[in-house]
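Bear in mind that the values in this text are calculations on the coordinates, not laboratory data. In this text the structure is predicted, and so the values were computed from the model without any measurement. Neighbour counts run over all protein chains shown; Cβ positions are idealised from the backbone, glycine included.
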Amino acid sequence: MVVMSFAAAVSAAAMAAYAAGGDSYVYDAPADEVRDAARFRVEAMDHSDAWVARGCGLDDPLLTRERRALIASHTALRRAVGRD
C-alpha cells in the first residue's frame with residue numbers, strides 16, 4: 001500500500017514489470033514466467049489502496065477482490081517456480 005502511494009504516477013504495467021523483475025531475481029526464474037504473478041499482485045495493491053480510500057469497510061467487496069488477486073498471484077508464482 002505504501003509503495004503504491006508513492007508510485008501513483010506509475011502505470012500498473014510498469015509496476016508489474018518492476019515486480020516481475022524482483023520475483024525473477026529472488027526466485028531465479030525468467031521474468032516472463034513470473035509476470036502474471038506480478039500483475040495479479042499489482043491488481044491486489046490497487047484494490048487495497050481503493051479499499052483504504054473508501055474507508056476500510058469490512059463488508060466492502062474490494063476485500064474479496066484483493067484476496068482473489070492475491071491468491072491468483074501466489075498460484076501463478078508457485079506455477080512459475082515449479083512449486084505447484
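Derived value for region 32-84: Kirkwood hydrodynamic radius 11.3 Å. Basis is the mean of 1/r over every pair of different alpha-carbon atoms. Computed packing ranks the peptides 49-61, 66-78 as 66-78, 49-61, most packed first, by mean other Cβ atoms within 10 Å.
Note: relative contact order over region 32-84, using C-alpha pairs below 8 Å and six or more positions apart, is 51 percent. Estimated from helical segments only, the mean residue ellipticity of the chain at 222 nm is -25500 deg cm²/dmol, where each DSSP H run of four or more residues counts as -39500 (n - 2.57). Taking the Cα centre of the chain as reference, the dipole from Cβ charges on Lys and Arg (+1) and Asp and Glu (-1) amounts to some 120 debye.
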